[in-house]
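Undergrad: I have a structure here, written as C-alpha cells, and I will follow up with some questions on it.
The values are calculated or read from the model by the stated rules, or taken from the named source; none is laboratory data. These numbers come from a predicted model, not from an experiment. Reconstructed Cβ throughout: ideal geometry from the backbone, glycine too, with neighbour counts over all protein chains shown.
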2 protein chains.
Amino acid sequence: MARPREFDAEFALDRAMEVFWAKGYEATSLDDLCEATGLSRSSLYATFGSKRNLLLQSVDRYVERRTPNIAAALARPLPIRDAISALLGEFIDQIVSGPGRRGCFLGNCAAELPRHDRAALARVRQGLTRTEGTFREALVRARARGELAPSADVAALARFLTAGFQGLRLVGKANPDRAVLGDIAKTLLRCLEERNCRRNPHKREFGHDHQTSTACTPPESEAA
Amino acid sequence: MARPREFDAEFALDRAMEVFWAKGYEATSLDDLCEATGLSRSSLYATFGSKRNLLLQSVDRYVERRTPNIAAALARPLPIRDAISALLGEFIDQIVSGPGRRGCFLGNCAAELPRHDRAALARVRQGLTRTEGTFREALVRARARGELAPSADVAALARFLTAGFQGLRLVGKANPDRAVLGDIAKTLLRCLEERNCRRNPHKREFGHDHQTSTACTPPESEAA
DNA sequence: TCGATTTTGGACTATATAGTCCAAAATTGC
DNA sequence: GCAATTTTGGACTATATAGTCCAAAATCGA
C-alpha cells in the first residue's frame, strides 16, 4: 500500500450524521459536510461515494449508535413501566432543555425523504423495526417477570411505543413544552398498565372497512 | 383600479401547499411552485412575498383545511372511540393505499424546519394546538355523554392523541404496512377505554427528576 | 533512494436556485 | 380613445450547489 488516510472514516461518518441530523438532508451542503468532517471533497467522495450515499450510511450509523442506548435503558433493573417512564423523561428533558432539539434522525428522514426514494426509506424502516424489536424484547422479559398479563400482545405494544416515541419527539420539536409532553408521556404509559395489556380476542382488528373520506385531501397527481 | 389578476390567490395557495406538502420545503423550487400554481415569478412574489412566506401561509392554509375535517369526523353520531377508530382507519387506508403517503404536513414541517426558525415553528405549533383543541372538544362532549369517566383528563388525552396520530403517520411514511399501523391504532385506542381515563391523583407527573443520560447523543455545538 | 500507489487540497464545471426587474399587455375611469 | 395603474412573462443576476479532476504530497516496499 501507499499513503495512508489522514482521517478516521468512522469519526467522519459520525460527524456527517450529526450534520444531517441537525439540518436535514436537503439543507446540508457538501461544504457543511466537509467542514464538519474535516475532509476535502476528494476524500469524502472517495470514502462515501456521494452525498446521498453518505446519508444512507449515516442512517445506519444512527441506528447502530442509538439502539444499544435504548436497549440499555430498558434493561435497567426496574419494572418495565418505570424504565420506559424514565426513558420518556429523558427525552422530554432533552427536548425542553433546548439545544438538542433535533427530534429523532429516523423520524426526520421519514418525514423529509420523498416517498419514491425506496432505498432510503428502507433504511429508515429497518431502523424503526430495530427500535420496535428492542421494545419488544424488553416487553417479553417484563411479561416473563409477571409485569404484563401473560396474554399481552407485546408485538403490538412495541409498535405502539415506537410510534408513540416518534410522536412525542415530533411534537416536541414544534412545541417543547414540558406540560404538553408530560401529558403525552403520562397517557402513553397508561397503555402499559397490566389490565390493558391482555389480548382482547373479540375486538375487531384494524383495516378493510372504512368508508367516509375524511382526513386530508388525498388527490394530487403525484407531484414529481 | 386597473388590470385585474388573472388568477385566484386562494387556489394558487392551495396548489403551493400541495407541493410543499409533497416535496418538503427545501426540495421545492420556485420553478416547482410556478408550475404548480400557474403563476409567473412576478405574480408569485407580488402575492406571497417570498418562498418562505408562502410556506408560512401554506401551513396556515393546511390547518384551515384539515381542522374542519377532523372536527367533522369526531362529531359523527358515534361513540367517541368508534369515531376515532374510524379516523385512524381512514388514515391507515390512505397510507397503505399508496399515492397519498405524504404524512401530515404539520409533522413534515416540524421535522424539516430548523429549530432556529421561530416563526415557522410557531405556525406549526399553532396548528398542532388546534388539532389538540379539536380532539379535546370532542372528548369533552363524549365525557358529557358518559363515555368517559367524569374525572377523565381530556386535555392530556387530546395531547396524547395528537402525538399518537403524528406518530402513526410518521411511521406509516417509512413503513406503510397495515399490520404494523393496525397494531399502533389498536393499542392507541385502548387508552381511551373508560377505565383508563380516570385521573389518578397520586401518580407522579412528569419531569424534573430523571438522571441517567440515555437516548441519543445530546452535544454537538449547535451546527449552524 | 526510487518507483509505485494512494491520498489530498482545491480549482473547476455545469447547473440550479431564490429573487429582481422592466417592458409590454390588460384593464379602469374619464 | 386616452392616461393612469396594475399585472404579467420572462430575461436576468448573483450565488450556491453536487460532483469532477488533477497535480502535488505522502507513504510504502524494495
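Undergrad: Please work out if residue A:94 is closer than 29 Å to residue B:101 by Cα and away from DNA strand C (no atom under 16 Å from the Cβ).
TA: No: the conditions fail for residue A:94.
Undergrad: Test each condition in (1) at pLDDT 95 or above; (2) within 14 Å of DNA strand D (Cβ to nearest atom) for residue B:32 and report the one that comes out false.
TA: Unmet for residue B:32, out of (1) at pLDDT 95 or above; (2) within 14 Å of DNA strand D (Cβ to nearest atom): (2).
Undergrad: Here's a follow-up. Inspect the stretch A:39-58 for any residue being within 11 Å of chain B (Cβ to nearest Cβ), within 16 Å of DNA strand C (Cβ to nearest atom), within 29 Å of residue A:114 (Cα to Cα) and hydrophobic (A, V, I, L, M, F, W, C) and give the result as yes or no.
TA: no
Undergrad: Could you list, in sequence order, the residues of the stretch A:1-26 that are within 22 Å of residue A:119 (Cβ to Cβ) and near DNA strand D (Cβ under 8 Å from one of its atoms)?
TA: Passing the criteria: only A:26.
Undergrad: Now for a separate question. So which residues in the stretch A:137-156 are touching a Leu at 6+ places or on another chain (Cβ under 8 Å), within 17 Å of residue B:184 (Cβ to Cβ) and either charged (D, E, K, R) or part of a helix (DSSP H, G or I) (or both)?
TA: A:139, A:154
Undergrad: What's the total number of residues in the stretch B:43-59 that are of a type in the set (Ser, Thr, Tyr), closer than 13 Å to residue B:13 by Cβ and within 11 Å of DNA strand D (Cβ to nearest atom)?
TA: 2
Undergrad: Can you tell me which residue within the stretch B:20-43, out of those that are without any contact (Cβ under 8 Å) to a residue 24 or more places away in the chain and surrounded by 15 or more Cβ atoms within 10 Å (Cβ to Cβ), is farthest from residue B:90 (Cα to Cα)?
TA: Within the stretch B:20-43, the match that is farthest from residue B:90 (Cα to Cα) is B:34.
Undergrad: In the stretch B:140-186, how many are buried (at least 24 other Cβ atoms within 10 Å of the Cβ), over 19 Å from the mean Cα position of the chain (by Cα) and free of Cβ contacts under 8 Å to residues at least 24 places away in the same chain?
TA: 1
Undergrad: Considering only the stretch A:163-189, state which residues are within 7 Å of chain B (Cβ to nearest Cβ) and within 15 Å of residue A:108 (Cβ to Cβ).
TA: The answer is A:166, A:167, A:168, A:170, A:171, A:173, A:174.
Undergrad: Taking into account only those residues within the stretch A:6-18 that are near DNA strand C (Cβ under 10 Å from one of its atoms) and within 20 Å of residue A:51 (Cα to Cα), which is surrounded by the most Cβ atoms within 10 Å (Cβ to Cβ)?
TA: By that ranking, first place goes to A:12.
Undergrad: A further question on this structure: Name every residue in the stretch B:146-162 that is of a type in the set (S, T, N, Q) and at the interface with chain A (Cβ under 7 Å from one of its Cβ atoms), in order of residue number.
TA: Answer for the stretch B:146-162, where residues must be of a type in the set (S, T, N, Q) and at the interface with chain A (Cβ under 7 Å from one of its Cβ atoms): just B:162.
Undergrad: With the stretch A:6-121 as the region, which helices (runs of 4 or more DSSP H) entirely inside it contain at least 3 residues that are closer than 25 Å to residue B:168 by Cβ?
TA: A:51-74, A:80-96, A:105-112
Undergrad: Could you figure out which of (1) over 15 Å from the mean Cα position of the chain (by Cα); (2) touching a residue at least 60 places away in the same chain (Cβ under 8 Å); (3) at the interface with chain B (Cβ under 7 Å from one of its Cβ atoms) isn't true of residue A:108?
TA: Every listed condition holds for residue A:108 apart from (1).
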